[in-house]
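The values are calculated or read from the model by the stated rules, or taken from the named source; none is laboratory data. Predicted, not measured: the structure shown is a model, and the values here were computed from it. A quick note on method: Cβ atoms are made from the backbone with ideal geometry, for glycine too, and the neighbour counts reach across all protein chains shown. With ligands, DNA and RNA removed, areas are computed over all heavy atoms of the protein, side chains included. Shrake-Rupley method; radii C 1.70, N 1.55, O 1.52, S 1.80 Å.
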Amino acid sequence: MESWIMDVRYAVRRLRMRPTYALLAVLTLALGVGGAAAITGVVRALLFEPLPYANEQDVGVFWFDGSWSEQEFLYVRPDFPGFQQVAAYRQQGVMLQIGDAPPRLAPGVSGTAELFQVLGRTPFIGRAFQDGDDLPGSEPVAVISYGLWQELGGDPAIVGRRLRLDGTERTVVGVMPRGFWFPDPTVRVWLAEPLNSEDQSGNYTLVGRLAPGVRMDALAPYLARLTARLDERYDYPPQWDKTQNATVTPVREFLVGSMRPALLATLAAMGMILLIACANVASLMLGQVDGRATELAVRSALGAERRRLLQQLLAESVVVGLAAGLAGAALAAGGFQLLVGALPLGAWAEGATLDWSVFWAAIATALGASLLIALVPVISLWRGDLRGVLSTSRTGGIGGRGGRMEGGLVVAEVALAVLMAAGAALLVRSVSNLYAIDPGVDTREVAVVDVLAPASMRRDERRQSWHAVLDALRAVPGVQSAAAASKLPLRGSGDNWGITVEGRPDLEQSTTAFRVVTPDYFETMGITLRRGRLPNAADREGNEPVVVITEALAGKYFAGESPVGQRISTGFDTPERIIGVVEDVAEAALTDAPTPARYMLLDQIPYVPTSFSFVLRVQDGRDAASVLADARRAVEGAAPGVAIQETTTMGLVLAQAVGPARQIMLLLTMLTGLAVVLGAVGVYGIISHFVNRRKRDWAIRIALGLSPSHVVARVVRRGAVLVLAGIAIGVVAAAVLARLIASLLYGVGAADPLALAAAGAVLLLVGLAAAYIPAYRASRTHPALVLREE
C-alpha cells in the first residue's frame, strides 16, 4: 500500500510537470465518459427500468389503438377471454380552472373504472376509480398526479375537494404516487367519464391485464373468441375491420418501443466515442513511454523491478481516469438536458432526469477505461528490452520499434469513425428523401395556434368563440390571412367519419378523413384547387351545405366521372354538394399513401369541434414564429373561456412529421464530427511519434540527398496505409451493423454504397491531412542540427 501511495504521488507530480499531456488526456477521456454516462442515464430510465405498473409483463394494449368505441367496449366488457380485466382510455387536454384565474391546460386521460386496477397501482392518497364511477349519472370524479398535487399546494386534504375540470366540478378522490405516469409522463389528471352504449365514435384504446396462467405469446385462441363475438355484432368497413389481425402488444413495447432504435443508436455512437477517446489516450501514454525509454532503461539497469515500473504506469493511468471521471460527470450533468432535447423523446423527455447514478457511472466508466488504456503501454513495456535500450538509445530506444501497437490503435479509431460517419450519412440521405416528399401544403410562413374549449361549453358558444378568435387573429400585425381546421395535415390519423354517395347504393360502407374548416383554409395552407371552386362568402349558414374533396376521394368514389355537383352524405340532416376537388395532402404520416378526405364548413354543419387549430399565413419575408406571441394575446383577449394548447409553426409540424430520423441525424452528425476530430488527432499523434522516433534516420537520408517531397510522401504513405486499413474495416462493419438503424431509414438501404463511400472519403481526406502536418515537419528536418543533438 505504501508503494502504491508513493506511486500515486509520483504520478500526480509527473502530470503537473506535463500539463499539456495531462489536460489533453483528461479532456479526451472526459468527452467519451461524459457522453456515455449521460446517454446511459436516459436509456436506462426509458428502456430498462421497470415501468410504474405492477407486473408489467402481464399488461398489454389491444390492436386498433385509438379506434375503439364506447359501444364496442361495453358490449365485450363482461367477458374479455384471457384477461383478468380490461380498461378503455383516451388522451385529451383538460381545462383546469382555479377560482377566477384564467383556465390552463392540463394533459389528461379519460378512462373507465378498471384503469388503475389493470395497471396495478393504488393512489398515494385516497382511492382510485371504482365500479360505478363511469356509469351515467354517477358523481364526476378525478384522480390527479403527484406533480399536480404539489402544484396545488400539496395538501393531503385535497381528497374530497372539488376541482373545475373542463367546465365540470369534479371531486378529487385520489393522488397517484410520485413517479407514476400513464400513458406518458406529461399526464396530470385522470377522469372517469360516463360511458354511452350508443356512442360509436372510435377514439379509445384498450389496455388489459392477463388472467392468471395466461401468457402474452399464447393469446391467439382467446383473441379468436373475442373477434368472433365482434363479428357476430358488428359489420365493419374493410379498413376498420377489428376481426382481422388481432394482436396484443406488451405495454412497454407500445409505450416506448418506438424510441428504442434511436436511443440504442445514440448509445452505440456514444460508446464508439468512448472507445476512440480510449484509443487516443492510450496512444498518448505510449508516446510518453517512448519519451521515457532511456529513463526507464536506466532505472531498470540500476535495479528497478519491472513490476514497480508497471505499477507506476497503472498509478498514472488511475489518476488520469479519476480526473477524467470527475470532468466527465460535470460534462454529463451540464449536457444532460441538451442531450434530452436532441433526442426524439417527445412526451417522455419529462421523465428523463439526471441522478447520482450518472455521476457514479461516469467515475466507474472512466476508471475502467483508464485501466483498459493502461494495458497498452504495460504490454509494450513488458515486451520491451529495457536494458537493450541503452545500447540503442542514439537511434531511439524503444521508439525504434515499428509502432505496430500504435498503428493498431489508429486503425481501430478510423474504423469506429467510419462506422459513425456511415450511419450519419445514411440518416442524412433518409431525411433528405423525407423532405423531398410533397406534403400537399405550403409549410413556409404559416403559424399555428391550437385552442381548446371546455367540453361543457354549449355548441353555439363554441362556434361564437371560434369566430371571435379568428377575427382577432386576422387583426394581428403581420398576418396576411387566417383560417382554422379541426385537424391539420401531418398530425396523425383520426377524425374519420362514415360516407355515402347519393344514388350509389352499390358502394360498400366506408369512412374517410373528415375535416371541419373555415372558407379561407385552402388559400392559407397553400392547398391547390384541381377542379371546381373553393368555398366563398355565399356558402354560409342556411344555404345548401357544400363540401370540398381530395383527389384520392374523387378517384375512389367517382372514378371516370366528375364529382363536382354530385352529393354525398355524412349523416347530417342534409346531404352535402361537392363544389371542388383539391390536391391530396399528407393527412397522417408523411410517407402514407394519399388519404381520401373531405372538408366541410364550420357554419354549415351542426357539429362544432371542441378543439380547433388556427393557421396564420404571415406576410412575405416574415418569420412565422414572430407572430406567435401576439397571436396568443389575441386569443386570450377574444375568448377568455378557452385555453391555448400549443403555438408552433407548420415548419416545425413538418419537422416533427419527418420523425426521429431528423433529430438522430443531427445528433449523430455532431457526434461523428467529434469522432472525426478525435480520429484526426489520433492519426496526427501516431505519425508524429513515428517521425520523432526516426528523426535521426530522416536527417541522415536528407543529408544523403533524399528530397523533402519524398520524405513527405513516405510519411503520408504510412498514414494512408493505416487510414485505409481502418476505412476497410469500418465499411465492412457499417454494412453489417447499419441494419440496427434500418427502422429510421426511408428510401435508402442499410448498406447504401453512396453513404459508405462518402464516409470513407471523408475519413481518408481527414486522415491524410492529419498525416501531412508531421510529414511536412519531417521534410524540414535540418541534418546538422539533428546529428549534433544526437
When you scan the stretch 550-591, how many residues do you find that are outside any strand (DSSP E or B), β-branched (V, I, T) and within 20 Å of N496 (Cβ to Cβ)? 3
Given the condition surrounded by fewer than 16 Cβ atoms within 10 Å (Cβ to Cβ), in contact (Cβ under 8 Å) with a residue 24 or more places away in the chain and among the charged types (D, E, K, R), answer yes or no: does some residue in the stretch 200-213 qualify? no
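Out of the residues in the stretch 593-620 meeting the condition of being of a type in the set (F, W, Y) and open to solvent by less than 10 Å² (accessible area, probe 1.4 Å), tell me which one is modelled with the lowest pLDDT.
Only one residue fits best here, namely F612.
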Please indicate, with yes or no, whether at least one residue in the stretch 644-662 is part of a helix (DSSP H, G or I), modelled with pLDDT under 80 and open to solvent by 20 Å² or more (accessible area, probe 1.4 Å). yes
Pair list, Cβ under 6 Å, 6 or more apart: the stretch 759-782 residue within 16 Å of V691 (Cβ to Cβ) and of a type in the set (A, V, I, L, M), other residue assigned to a helix (DSSP H, G or I) and open to solvent by 50 Å² or more (accessible area, probe 1.4 Å): A770/Y684
Contact list please: Cβ distance under 7 Å, first residue in the stretch 465-478 and in contact (Cβ under 8 Å) with a residue 40 or more places away in the chain and over 11 Å from G637 (Cβ atoms), second residue of a type in the set (S, T, Y) and open to solvent by 30 Å² or more (accessible area, probe 1.4 Å), pairs at least six apart or on different chains. G478/S626
Does the stretch 567-574 contain at least one residue that is open to solvent by less than 10 Å² (accessible area, probe 1.4 Å) and among the acidic types (D, E)? no
Which one is most open to solvent (accessible area, probe 1.4 Å), of the residues in the stretch 181-190 that are closer than 23 Å to F83 by Cα and touching a Pro at 6+ places or on another chain (Cβ under 8 Å)? W181
Being under 29 Å from the mean Cα position of the chain (by Cα) and charged (D, E, K, R) is the filter; apply it to the stretch 475-514 and report the residue that is nearest to S465 (Cα to Cα). K487
I'm checking my understanding of the structure. Among residues of the stretch 460-476 that are more than 19 Å from P103 (Cα to Cα) and open to solvent by 70 Å² or more (accessible area, probe 1.4 Å), which one is modelled with the lowest pLDDT? D460
Single match in V479, V441 (criterion: in contact with a Leu (Cβ under 7 Å, 6 or more places away or on another chain) and open to solvent by 10 Å² or more (accessible area, probe 1.4 Å)): V479
Right, I700: open to solvent by less than 60 Å² (accessible area, probe 1.4 Å), of a type in the set (A, V, I, L, M) and assigned to a helix (DSSP H, G or I) or not? no
Residue ID - nearest to Q71 (Cα to Cα), chosen from residues in the stretch 217-230 that are among the aliphatic types (A, V, I, L, M) and surrounded by 15 or more Cβ atoms within 10 Å (Cβ to Cβ): L230
